[in-house]
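Following: one structure in structure tokens, then a few remarks.
The values are calculated or read from the model by the stated rules, or taken from the named source; none is laboratory data. Given the structure is predicted, the values throughout are model-derived calculations rather than measurements. Every residue, glycine as well, gets a Cβ built from its backbone with ideal geometry; the counts of neighbours run over all protein chains shown.
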Amino acid sequence: MTGVLRKLACGIFLTLGVVWIVSGAAQAADRARVEAFLKVTGFDVAIDSIALSAESAPDMLGVDSGAFGYEWRRTAEQVFDVALMRARALDILEATLEDDLLDHAAAFYASDLGMRLVAAENDSHFADDTLKQDEGRALVADMVQEASARIEAFRRMNHAIDPNDIGPKAIQEIQIRFILAASYAGVIELRVDEAQLRAVLAENEGALRRDMAASALANAAYTYQDFTDEEVVAYADALEHPDMQVVYELMNAVHFDVMMNRFEALATKLGQVQPSQEL
């Protein structure tokens, strides 16, 4: 399961971590400003890329996607509809994102460095995952050999996007709720109860954390390989700003909400096209 979870995690960490909260706002931004915010930060592309995680769904359930035939592709495309996902993200952000926080983040990403970072991140979202990991790990190995300061900057960035290190638990929660929803829909026959399922995944949490940390480092090395050391450090500084931390918490809460919602919807839809299998 770890490989499947790591693939999901790549998308999440590129959107600056996962947090299980949606904070209230004193003065929420209007929808037009939020739409502009999504574009300038690249969060619109990050939301779109959630659709790529549908490829991992059969593996998470222990079934062969080929067993669904044409219905699998059609169902996945319907459930992970880009317009629907963006609308859900906009609805939440419109109600919760404060104007001053929006302005702070938008100002950074509208800068020359910010625009180049977003362009690189947008490209990375849709790059082949195996390619990213292979090339990224090779770059990290070179950095280690050279004692490059870039590694520390990448680690700062990864810590800033998930300071409480809750990403692994959030990823596990996605899998647990997807498996349970698939069981309720009759897609699979679950031979353990929820408590036992959580216990099994909890046993693997340590390995998952290590795997995700290595994956995030490789991902950063690949995504930002064309940036100078000074630019990477500047990005780490920007991510560590308190206002940016709040923005990222909210964006990742939204990302997690959209992903969870779509996976549960996918399980329900699959129940209409796939006979029950044991897990």
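Here are the numbers:
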read-out	value
Candidate set: region 137-154, residues that are touching a residue at least 60 places away in the same chain (Cβ under 8 Å) and of a type in the set (A, V, I, L, M, F, W, C); chosen: the one farthest from residue 215 (Cα to Cα)	149
Of all residues making up region 73-109, the number that are small (Gly, Ala, Ser), at pLDDT 95 or above and surrounded by 15 or more Cβ atoms within 10 Å (Cβ to Cβ)	3
Residue in region 6-28 that is modelled with pLDDT of 85 or more and either of a type outside the set (A, V, I, L, M) or crowded, with 20+ Cβ neighbours inside 10 Å (or both) present	no
Any hit, region 40-61, residues being under 16 Å from residue 269 (Cα atoms), modelled with pLDDT under 90 and charged (D, E, K, R)	yes
Close pairs from region 109-122: first in contact (Cβ under 8 Å) with a residue 40 or more places away in the chain, partner among the acidic types (Asp, Glu) and in a helix (DSSP H, G or I), Cβ under 8 Å, at least 6 apart	113/231
Helices (runs of 4 or more DSSP H) lying entirely in region 27-146 (those with 1 or more residues that are more than 22 Å from the chain's Cα centre (by Cα))	31-41, 70-79, 99-109, 112-125, 129-146
